[in-house]
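Written out below as structure tokens is the structure these notes cover.
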Amino acid sequence: MLNIKSVFTKIAENIDITFWISLLYLLFIGFTAIYSASFNNDNLTKFVSTQGAALGIGVIGMIFLAGFNYQHYKHFYKFIYIISCLLLVSVLIFGMEIKGTKGWFKFPFFSFQPVEVTKIMLILVLSAYIDINWRYIKKLSIFIKTLLITFGHFALIMLQPDFSSTLSYFPVTLVLLYVAGAKLTHIFSVILYGGLAVSIPLLTTFFKLQPDLLETNQILNFFVNATSRWQNAAIILGSVILIIVLIKWFLNKLRIPIGWTYPILFLCIVIAGSFSSIVVNKSLKEYQRKRLIVFLKPEIDARASGYNIIQSKIALGSGEFSGKGFLKGTQTQLGFLPEQRTDFIFSVIGEEGGYIFAQFTILFYFLFVWRALVVARQARDRFGSLIATGIAVMFAFYGMINIGMVMGLMPVTGLPLLMVSYGGSGMVSSMFAIGILISVHIRRFY
């Protein structure tokens, strides 16, 4: 039975001041920005109260998970994985569709997005599997099995389809494999494969938005047409094979021995990544592809996919050093800034709080992730260290992508700023993750 008093006592005895100050600041600035972003909305009370209710539920879950010994997850990781997959399957059958994504359970008083919880469950599953098989982690078979665990969730989420929710899965998986000692060649192979699969359709979309550039650059036009004409694709593939053979021949002439294993592996990855790009291209809708790539040059589609980034940069820039003041941001209060409670909440902070509060938010987010990594380093066992690392990487990835996105440095992916952006499911899952992190931290000595 969970002893609440004992849990609070252990947390107090092992309190990390930096961690808790960072968490409280992020929650405070999040609620303040949500209030401001909803001020001219008739549902002001609804947004703030919903976020508050989610925080309350999250805190209760955090306390429970902090009191629960994280080491028990290792014994039931298969069961956890099955439950997580069942949740993702259930939402495909019984879920409600919002903005083209069937990823929500609709209840009388609230909605729930299961993917927000299943990503935490996957971290537990991956940590357990890698810990159990860490002696064989350099084997290709174990590496592939680990990726397949992640791919199970990835495939189910893409059926919704919800591409943005899958983005943190592979960084978390690859970092966990790296810290466990997996071969770098295996990791880089996955990165190369994923990079080709995603970048080919996105870059093709980007250049198609600039027809004048294609007309003046025949080489670029040839590469873009390769995605739809098999003759061009065959010529490019043949050129890659020829280049690989010439490089091997040249190295052999220099008496630098190199076998065929790595050249063939590279070629297989290029072919697999190219074919997978077709699947990615069909999975993403046209507006999604534009939104993901237009950050490179938002003015080429300023009235549509580039609009969000342009308005966000205007909001951030107009805040200058000290900001326009609470409830005085014109981009925010006049409704020019899109998705201001969720995806672009950082723009609200930058406009009304200026450079000062924007930098404080980045600083405390960094401190929060840093202390999570300290928990990973100080954990009593490998399993706890992997869990804490996975949670830290998840928060870091969300923060980096979201803040980079609103500044026009990253694609508009739809990833929120965890603990700051509006979203009940995201808030609950974040607090659950923090509860597990605390569980690892307070048990580091016993």
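The values are calculated or read from the model by the stated rules, or taken from the named source; none is laboratory data. Just so you know, these numbers come straight off a predicted model, no measurement behind them. Every residue, glycine among them, receives a Cβ derived from its backbone with ideal geometry; neighbour counts consider all protein chains shown. Note: accessible area is taken over every heavy atom of the protein model, side chains too, but ligands, DNA and RNA are not part of it. Shrake-Rupley method; radii C 1.70, N 1.55, O 1.52, S 1.80 Å.
Can you tell which of ALA128, GLN71, TRP104 lies farthest toward the positive end of the dipole of region 62-138, using +1 and -1 charges on the Cβ of basic and acidic side chains (Lys, Arg; Asp, Glu)? Looking along the dipole axis, the top candidate is ALA128.
Taking all pairs of distinct Cα atoms, average 1/r, flip it, and tell me the Kirkwood hydrodynamic radius of region 12-68 in Å to one decimal place.
Working: mean 1/r = 0.0770 Å⁻¹.
About 13.0 Å for region 12-68.
Here region 313-378 has an Rg and Dmax of 14.2, 48 Å, counting Cα atoms alone. Which of LEU147, VAL294, THR18 sits closest to the plus end of the dipole of the chain, meaning its Cα is farthest towards the positive end, when Lys and Arg get +1 and Asp and Glu get -1 on the C-beta? Result: LEU147.
Taking loop as defined by DSSP and a crowding limit of 12 other beta carbons within 10 Å, which trypsin sites (Lys or Arg not before Pro) in region 276-381 fit? Those that pass, being in a loop and sparsely packed, are LYS285, ARG303, LYS328. From the largest down, the chain spans 71, 55, 45 angstrom on the principal axes of its Cα atoms. This model, with +1 at the C-beta of Lys and Arg and -1 at the C-beta of Asp and Glu, gives the chain a dipole about its Cα centre of some 1380 debye.
Per residue, how many Å² of accessible area does the chain show with a 1.4 Å probe?
Working: 22040 Å² over 446 residues.
That works out to 49 Å² for each residue.
Projecting the Cα atoms of VAL115, LEU192, SER165 onto the charge dipole of region 115-197, computed from C-beta unit charges around the Cα centre, puts LEU192 farthest toward the positive end. Here each label is just a point 7 Å from Cα along the line to Cβ, and for LEU44 and ARG377 those points are 4.6 nm apart.
Give the cross-link partners of LYS99 among the lysines, using a straight C-alpha distance below 19 Å as the criterion and excluding same-chain residues fewer than 8 apart. Qualifying lysines at Cα under 19 Å: LYS282, LYS285, LYS290.
Calculate, in nm to one decimal, what TYR178 and LEU327 gain on full extension: separation in residues at 0.36 nm each, minus their alpha carbon distance. Can you show the working numbers first?
On the way: separation 149, 0.36 × 149 = 53.64 nm, distance 4.51 nm.
So the chain would gain 49.1 nm between TYR178 and LEU327.
Picking from ILE401, ILE80, ILE235, which is most flexible by a Gaussian network model of the chain using Cα springs under 10 Å? Maximum fluctuation in the GNM of the chain, among the listed residues, is at ILE235.
Modelled this way, with points 7 Å down the Cα-to-C-beta line, the labels at PHE366 and ALA302 are 3.4 nm from one another. Largest GNM mean-square fluctuation among ILE362, ILE157, ILE123, using the chain with Cα springs under 10 Å: ILE362.
Evaluated with a Cβ-only charge set (Lys, Arg +1; Asp, Glu -1), region 298-350 carries a dipole of roughly 200 debye about its Cα centre, given to the nearest 20. For region 174-268, state which chymotrypsin sites (Phe, Trp or Tyr not before Pro) are in a DSSP loop and have at most 15 other beta carbons lying within 10 Å of their beta carbon. Passing sites in region 174-268 are TRP260. Take the alpha carbon atoms of region 198-213, find their center, do the same for region 52-95, and report the distance between the two centers in whole angstrom. Taking the Cα centre of each part, region 198-213 and region 52-95 sit 40 Å apart. Using a simple spin-label model with pseudo-atoms 7 Å out from Cα toward Cβ, ILE60 and PHE151 lie 4.0 nm apart.
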